[in-house]
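> To start, I am sharing the structure in question, which I have written as structure tokens.
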Amino acid sequence: MPEHAAPLLRPPRHRVDPRARAWWRLQALLTLSGPMLLTALVLAALSLLFFRGALPWLGPLLLVVLVLPAVGYLVAMPRMRYAVHAWELGERAVYAAGGWFWQKRRIAPLSRVQTVDTVRGPLQRRYGLATVTVTTASTAGDIKIAGLSDADAEELSRRIGEVAQDVPGDAA
């Protein structure tokens, strides 16, 4: 083990709103799981109506290829995503963790913050949620904190704006 091992990065302190799981589940149903389940249902119905001889092999195939992955994604993804998504605003940086399959942690110094945006899509509004996007002077891209309650998003945006103004910029 090296003498000067890098310290482990602890997870951010604040979790996203628990309603984010329902929002992610609805997104999954509309974008991936729903179409897969609908495809399986249509193929099974067409087979039942026109190709009864195909049911013994098509039924298990649809189950393995479409139904089980769709249901698995619908159940597992929101849980896994909720376990990872977190955020924290420190005195000098904003820290966010996200993803579910590909997990990502980003820390951005507040001295590099250019804009703070709050976005509420139609599905997010249904659950009283919002996404805060922090744009920095970085080529790595924005920091997005999705699944915050409306009140938390407004407060976080306000606090980032205030703290970013108080942090001296880089003297480059």
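> Only residues that are in a loop (DSSP other than H, G, I, E, B) and touching a residue at least 60 places away in the same chain (Cβ under 8 Å): list them for region 76-109, please.
His85, Glu91, Arg92
> Using the structure shown, decide if Leu32 is in a helix (DSSP H, G or I) and modelled with pLDDT of 95 or more.
On the way: in a helix (DSSP H, G or I): yes; modelled with pLDDT of 95 or more: yes.
Considered against the rule, which asks whether it is in a helix (DSSP H, G or I) and modelled with pLDDT of 95 or more, Leu32 comes out as yes.
> Is it the case that Leu49 is assigned to a helix (DSSP H, G or I) and at pLDDT 95 or above? Full working, then the answer.
Values: assigned to a helix (DSSP H, G or I): yes; at pLDDT 95 or above: no.
Considered against the rule, which asks whether it is assigned to a helix (DSSP H, G or I) and at pLDDT 95 or above, Leu49 comes out as no.
> What number goes with the only condition from (1) open to solvent by 50 Å² or more (accessible area, probe 1.4 Å); (2) in contact with a His (Cβ under 7 Å, 6 or more places away or on another chain) that Ala97 does not pass?
Answer for Ala97: the failing condition is (1).
> Provide a single number: the residues in region 61-78 that are farther than 19 Å from Thr31 by Cβ and either touching a helix residue (DSSP H, G or I) at 6+ places or on another chain (Cβ under 7 Å) or buried (at least 16 other Cβ atoms within 10 Å of the Cβ) (or both). Break it down stepwise before answering.
Filtering region 61-78 for residues farther than 19 Å from Thr31 by Cβ gives 61-64.
Imposing the further condition that a residue be either touching a helix residue (DSSP H, G or I) at 6+ places or on another chain (Cβ under 7 Å) or buried (at least 16 other Cβ atoms within 10 Å of the Cβ) (or both) reduces the set to 62.
Residues in region 61-78 being farther than 19 Å from Thr31 by Cβ and either touching a helix residue (DSSP H, G or I) at 6+ places or on another chain (Cβ under 7 Å) or buried (at least 16 other Cβ atoms within 10 Å of the Cβ) (or both): 1 in total.
> Return the only residue of Arg21, Arg13, Arg52, Arg81 being open to solvent by less than 80 Å² (accessible area, probe 1.4 Å) and either among the aliphatic types (A, V, I, L, M) or on the phi < 0 side of the Ramachandran plot (or both). It would help to see each step written out before you state the result.
Details: Arg21 fails: open to solvent by less than 80 Å² (accessible area, probe 1.4 Å); Arg13 fails: open to solvent by less than 80 Å² (accessible area, probe 1.4 Å); Arg52 fails: open to solvent by less than 80 Å² (accessible area, probe 1.4 Å).
After applying the criteria, what remains is Arg81.
> Something else now. For the subset of region 11-64 comprising residues that are aromatic (Phe, Trp, Tyr) and under 29 Å from Ala130 (Cβ atoms), which member is nearest to the chain's Cα centre (by Cα)? Explain how you work it out, then say what you get.
Within region 11-64, the first condition is being aromatic (Phe, Trp, Tyr), and the residues that meet it are 23-24, 50-51, 57.
Next cut, under 29 Å from Ala130 (Cβ atoms) only: 23-24.
Values: Trp23: 10, Trp24: 7 Å.
Among those that are aromatic (Phe, Trp, Tyr) and under 29 Å from Ala130 (Cβ atoms), it is Trp24.
The values are calculated or read from the model by the stated rules, or taken from the named source; none is laboratory data. Because the structure is predicted, anything quoted here is derived from the model rather than measured. Using ideal geometry, Cβ is built from the backbone for each residue, glycine included, and neighbour counts are taken over all protein chains shown. These accessible areas exclude ligands, DNA and RNA; they are computed on the full protein's heavy atoms, side chains included. Shrake-Rupley method; radii C 1.70, N 1.55, O 1.52, S 1.80 Å.
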